[in-house]
1. Is it the case that B:Ala218 is in contact (Cβ under 8 Å) with a residue 60 or more places away in the chain and surrounded by fewer than 22 Cβ atoms within 10 Å (Cβ to Cβ)?
2. Among the listed residues A:Ala196, A:Ala254, which satisfies the condition of being in contact (Cβ under 8 Å) with a residue 40 or more places away in the chain, among the aliphatic types (A, V, I, L, M) and touching a Pro at 6+ places or on another chain (Cβ under 7 Å)?
3. Within the range A:205-213, is even one residue in contact with a strand residue (DSSP E or B) (Cβ under 6 Å, 6 or more places away or on another chain), under 22 Å from A:Leu19 (Cβ atoms), within 13 Å of another protein chain (Cβ to nearest Cβ) and of a type in the set (Val, Ile, Thr)?
4. Could we say that A:Glu182 is more than 18 Å from A:Ala5 (Cβ to Cβ) and more than 9 Å from chain B (Cβ to nearest Cβ) here?
5. Report those strands (runs of 3 or more DSSP E) wholly inside the range A:18-137 carrying at least 1 residues which are in contact with a Lys or Arg (Cβ under 6 Å, 6 or more places away or on another chain).
6. Can you find even one residue in the range B:157-176 that is acidic (Asp, Glu), within 14 Å of another protein chain (Cβ to nearest Cβ) and in a loop (DSSP other than H, G, I, E, B)?
7. Just need a number here: residues in the range A:162-172 that are buried (at least 19 other Cβ atoms within 10 Å of the Cβ) and touching a helix residue (DSSP H, G or I) at 6+ places or on another chain (Cβ under 9 Å).
2 protein chains.
Amino acid sequence: MTPFADRLAARVRATRAPLCVGIDPHLHRLPADMRARFEGREGRAGREATAMAVGDWAVQVLETVADVAAAVKPQVAFFEALGAPGVVALERLVHVARDLDLPVVLDAKRGDIGSTAEAYAVGALDDHGPLGADSITLAPYLGPESLQPFLARCDGEKGVWVLVRTSNPGAAVWQTELPVAERIAAWVDAESAKRAGACGLGPVGAVVAATVPAEAAAWRAAMPHCWFLVPGYGAQGGGAEDVRPLFREDGLGALINSSRGVLFGAGDDDDYAGAVRARAEAAAEELGRVAGLR
Amino acid sequence: MTPFADRLAARVRATRAPLCVGIDPHLHRLPADMRARFEGREGRAGREATAMAVGDWAVQVLETVADVAAAVKPQVAFFEALGAPGVVALERLVHVARDLDLPVVLDAKRGDIGSTAEAYAVGALDDHGPLGADSITLAPYLGPESLQPFLARCDGEKGVWVLVRTSNPGAAVWQTELPVAERIAAWVDAESAKRAGACGLGPVGAVVAATVPAEAAAWRAAMPHCWFLVPGYGAQGGGAEDVRPLFREDGLGALINSSRGVLFGAGDDDDYAGAVRARAEAAAEELGRVAGLR
């Protein structure tokens, strides 16, 4: 059994880049041949046609980036918006990622209490459940105990990413004008330290934004045992230099997500898979250098 | 067009009780004939059989409580745990509730930013989407802007319930040891006030626990324009007296949820629908009296 944090470390070392490719199916930006399969269709039949196309698109992206990306991050909301057929596409995506040995960050930002949190954990992480993802993003507002069912899975091979400092402008209003983010960070680090793997990092990660570089070093110091999942690089305005303080000296400790920056170019791509591959390689090269892995 | 808050007010007045029946399909507690349809079956086929039984069970519960409950609250996690077939059952439940004119509180505790939050809003609330629920519970940690796509729907006929003070013991660690809950409460009340209906309450509600009666009057005073969705009554230990300070003088302003207390008795019920109905009527009677509606 390989702990989640060590599996990530091995993937980052093997790809020599901390790149996480976000799988956000913005429908109007899918390749033209995919869009043609659902545009103009509505209702349940339209959602089914859309979900089938989204599933095919996502599998193509996964196969294209499988040896460039350290992990992939499907954004659950886009699949849920398509109803049950969208969930079928999400299940297919996660199963294909597992076959490709690509660790999955299920970006679901779940959070609830007691038996409800347990049900979310079964649905997202358990190998006998519908998805069996490697890790999931979690919203912590309900309190430490709301994360316990997920922590129980972290004692095995699974991982979590707790929202600490997010990349949106309004995040500051509650997260950093008040001392709540620091409190959550301390808790997250302690839980990860308890479960740290050979790489010195544990399976309880933190979401820390790339868009607030002035805080980056402080978050690294506050959570020395945590992998960071870092949104905001690329399309959201964070640059590679902004994320440098989020890495440990050995280049591990931060997984930098890029969704639109890898998935979608300025216009339609004649060779979609080739263009995705080229954008993923460019991001991996830039991030690998900043992390000191290349 | 009836604003969500006014529709709720009309339902509470018509049923003379502020009862919200939570639809939490705890599989091991379903009636024996329902359990027999899936027990011992595993994997995808097992999830499909389970989801079919859960869907039938939920529809039976809805039809049983349709004239006793002011609203129903499906707990999304239990449906998600069954994968895509579970989502089919959830879609069926919501559509049946709409046919029965029962307002739906989709207990999903979603929260994300930008286009992702928009996708969650489409998936949960939009009438052209897969569910078209009347309202949804939201986790606020990402900041005010994360709630904007949902607020846009509140300008129409939809409603939201923002986590402010939850019922779990650990909630205090971040919600009330720190000033974050007060800050969120002030924001939630202002947004609801802007959109207040004829009843003086708006569509932006707050989740406020029944389990902290010492705080109840303060939350009522802090959010005069908000409906409260109140977990913790019954199975979680909150009594009817504990929720009294959460109502306005006219008996409106709080929707008290009971899930297990209505759905499940001490043992198997010989007449399941009859037993659900009797428990719902008893809860409605107790809550209607405390609210001054009976």
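1. Working: in contact (Cβ under 8 Å) with a residue 60 or more places away in the chain: no; surrounded by fewer than 22 Cβ atoms within 10 Å (Cβ to Cβ): yes.
Answer is no for this residue.
2. Details: A:Ala196 fails: touching a Pro at 6+ places or on another chain (Cβ under 7 Å).
After ruling out the rest, the residue left standing is A:Ala254.
3. yes
4. Spelling it out, A:Glu182 is indeed more than 18 Å from A:Ala5 (Cβ to Cβ) and more than 9 Å from chain B (Cβ to nearest Cβ).
5. On the way: elements: A:19-23, A:71-74, A:105-110.
Those strands (runs of 3 or more DSSP E) span A:19-23, A:105-110.
6. Going through the range B:157-176, the residues acidic (Asp, Glu) turn out to be B:157.
Retained after the next criterion (residues that are within 14 Å of another protein chain (Cβ to nearest Cβ)): none.
No, the range B:157-176 contains no residue that is acidic (Asp, Glu), within 14 Å of another protein chain (Cβ to nearest Cβ) and in a loop (DSSP other than H, G, I, E, B).
7. Pass one, the range A:162-172, residues buried (at least 19 other Cβ atoms within 10 Å of the Cβ): A:162-168, A:171.
The next check asks that each one be touching a helix residue (DSSP H, G or I) at 6+ places or on another chain (Cβ under 9 Å); those that pass are A:162-166, A:168, A:171.
Residues that pass the stated criteria total 7.
One line per residue, one yes/no per condition, for (1) in contact with a strand residue (DSSP E or B) (Cβ under 9 Å, 6 or more places away or on another chain); (2) at pLDDT below 95; (3) more than 14 Å from every other protein chain (Cβ to nearest Cβ):
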{"residue": "B:Val12", "(1), (2), (3)": "yes, yes, yes"}
{"residue": "B:Gly46", "(1), (2), (3)": "no, no, no"}
{"residue": "B:Gln75", "(1), (2), (3)": "yes, no, no"}
{"residue": "B:Val96", "(1), (2), (3)": "no, no, yes"}
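The values are calculated or read from the model by the stated rules, or taken from the named source; none is laboratory data. Values in this document were obtained by computation on a predicted structure and should not be read as measured data. Don't worry about glycine lacking a Cβ; one is built from the backbone with ideal geometry, like all the others, and counts go over all protein chains shown.
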